[in-house]
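Below: the structure, in structure tokens.
Rule-based calculations on the coordinates, nothing more; no lab input. Not measured: the values here are computed from a predicted model. Note: ideal-geometry Cβ built from the backbone for every residue, glycine included; neighbour counts use all protein chains shown.
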Amino acid sequence: MAEQQRRSNRRYVRRRKVCAFCVEHVAHIDWKDVDTLKRFIMPNGSIRGRHKTGTCAKHQRQLATAIKRARFMALLPYTTAHVRASGFNRR
């Protein structure tokens, strides 16, 4: 009985996320690889944080730069303003 009680008192320990770029030994994040960059962008167009994606600081900086370059070259949207421009109204 005491053994079961000890097991039930254990807390769930969340496993630490691992950087996907470090695992794949990526040296440079390419801004032309839109499919990879889309995984790190929220539906509203903002860049996901390190705690959500699990990327390390080095790759998060490279990722942010790559996303900004892809936005400048019109491969990725800055915001969802194109939805508002298309005539969709929430009223």
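For the reader, a short list of remarks on this structure follows.
- Residue pairs whose Cβ atoms lie under 6 Å apart, separated by 6 or more positions or on different chains, with the first residue in the stretch 43-68 and over 14 Å from residue 27 (Cα atoms) and the second acidic (Asp, Glu) and part of a helix (DSSP H, G or I), do not occur.
- Residues within the stretch 32-70 that are in contact with a Ser or Thr (Cβ under 8 Å, 6 or more places away or on another chain) and surrounded by 12 or more Cβ atoms within 10 Å (Cβ to Cβ), tallied: 4
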